Each structure stands twice: as C-alpha cells, then as structure tokens.
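Enquirer: Input: one structure, supplied below.
The values are calculated or read from the model by the stated rules, or taken from the named source; none is laboratory data. On a predicted model such as this, the values are computed, not experimentally measured, just so you know. Every residue, glycine among them, receives a Cβ derived from its backbone with ideal geometry; neighbour counts consider all protein chains shown. In case anyone asks, the SASA skips ligands and DNA or RNA and just uses the protein heavy atoms, side chains included. Shrake-Rupley method; radii C 1.70, N 1.55, O 1.52, S 1.80 Å.
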Amino acid sequence: MNYLKFVQYFYLAFAVFFVYDAFAKYTNHESYLLSIIIAAVSLGMFFFRRHFYNKYQNRK
C-alpha cells in the first residue's frame, strides 16, 4: 500500500501539464477548453485521493 502515497501526485502532475497545455493553446488561439476541464478533474482527483489516503492512515 506504499504506492498509494505516490499515486496522488501523478494527478497533480497531470493537472500542471494540462494547465501548461491550455496556456500554450490559448496563446496560439486554439481551443483550450478541454485542457482546462482535464486539469480541473485531475486536480479534483488529487484532493480526493489525498483525502482518502489520509483517512486510511488515520484509521491505522
């Protein structure tokens, strides 16, 4: 279960990548809405996973 501590940070990395992607698309006058949505979902999943990991650790 030690890998669960690191999995949550992959979602944070995806969010950062897609925010960067949205900014690059915005400067090139392309559609960037999907990148913003994916970044928001990834950020939400990061906090969701973090909450339940901490809840699991407090139960021990």
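Enquirer: May I ask which residue of 41, 56, 31 lies farthest towards the positive end of the charge dipole of the chain, with charges of +1 (Lys, Arg) and -1 (Asp, Glu) on Cβ and the Cα centre as origin?
Expert: Positive-end residue among those listed: 56.
Enquirer: If I model a spin label at residue 21 and residue 3 as a point 7 Å from the Cα along the Cα→Cβ vector, what separation in nanometres do I get?
Expert: 2.3 nm
Enquirer: In whole angstrom, how long is each semi-axis of the equivalent ellipsoid of the chain, when you take the square root of 5 times every eigenvalue of its Cα gyration tensor and sort them from largest down?
Expert: Here the semi-axes work out to 31, 9, 5 Å.
Enquirer: Also, quick follow-up: Could you do me a favour and compute the accessible area per residue for the chain, 1.4 Å probe, result in Å²?
Expert: 83 Å²
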